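Derivation of every value follows stated rules applied to the coordinates shown; laboratory data play no part. Please read these numbers as outputs of a predicted model, since none were measured by experiment. Cβ atoms come from the backbone with ideal geometry, glycine included; neighbour counts cover every protein chain shown.
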Ligand SMILES: [Zn+2]
């Protein structure tokens, strides 16, 4: 009985911080003696599935890059070589820019991940024709202070005939840059591919191998110390893909698939 009383006192103390702490005997005498009640089982609030996780999202390009050629073309470190800070990115035939698409999808992904308890860091804080960058070296290192993974979100701009579909790019095992992250990045790529395909998106018809590609020329991947992939969600020059990308419902489908992938990978 004494053990039960102590336990009760502990439960009461732990479960209700604003209540005064009754001494165990008083609390016992205040209860009906015939039916020893047990404090209502108060299950702790369920821990969100991604609590404590940090995810970096890298929305490709910036809307104003084309207006800042000097800044955008400046060479920066990219993993054993130098490369222009950034590029203008692709667009649909009707002029819907990649920077705007990646920004919209990334924000939806961020909301989805935050709802699951993750902390999300975006590599840029706006999509503006009066802004440029950040450069690929900064994007590359964006996750290196403790993120669990980095997802770089892009769309392609291929003029090849009937080129459409998505592909996921990983870094190769290239010492000393990406040998440490190649394997987990590939695992992440497989999950991203699975979720995009499950959401009804087709593998790229014009590049890669069943929706996967490996590249050593991307500073965004090369400079990362955490698992990372760059996903080209589709080909903006494809009327088929452009129709999906320019619709809010299509962007939500992309984003939901990416949220599911991050959740599955981090589980
Ligand atoms: Zn891009």
Based only on Cα atoms, what Rg/Rh ratio does the range 48-137 have, Rh being taken as Kirkwood's radius?
-> 1.05
By how many nm would the segment from residue 256 to residue 93 lengthen if fully extended, with 0.36 nm per residue of separation less the alpha-carbon distance?
-> 56.1 nm
Of the peptides 190-197, 226-233, 68-75, how do they stack up when ordered by the mean number of other Cβ atoms within 10 Å, highest first?
-> 226-233, 190-197, 68-75
For the chain, evaluate the Debye formula with one uniform point scatterer on each Cα (no solvent term) and list log10 I(q)/I(0) at q = 0.08, 0.13 Å⁻¹, rounded to two decimals.
-> -0.42, -0.78
Degrees, to the nearest 10: 2-15 long Cα axis against longest axis of the chain | 40 degrees
PRE zone check, label point 7 Å out along Cα-to-Cβ of residue 116, amide N under 11 Å, scope the range 231-267, hits 256-267
Cβ density ranking, 10 Å radius, fewest first, applied to 207, 169, 153 yields 207, 169, 153
Between the helical axis of 182-198 and the dominant principal axis of the chain, each derived from Cα atoms, what acute angle in degrees is found, rounded to the nearest 10?
-> 90 degrees
Indicate, rounded to the nearest 5 percent, the antiparallel portion of the DSSP beta bridges found entirely in the range 83-233.
-> 35 percent
Compute the convex hull volume of the Cα atoms of the range 161-267, divide it by the residue count, and report the result per residue in Å³ as a whole number.
-> 96 Å³
If 81, 201, 166 are placed from fewest to most neighbouring beta carbons inside 10 Å, the sequence is 81, 201, 166
The rounded separation in angstrom of the Cα centers of the range 199-250 and the range 42-78 is 16 Å
Estimated FRET transfer efficiency (residue 243, residue 67; beta-carbon r; R0 25 Å; 0.05) | 0.35
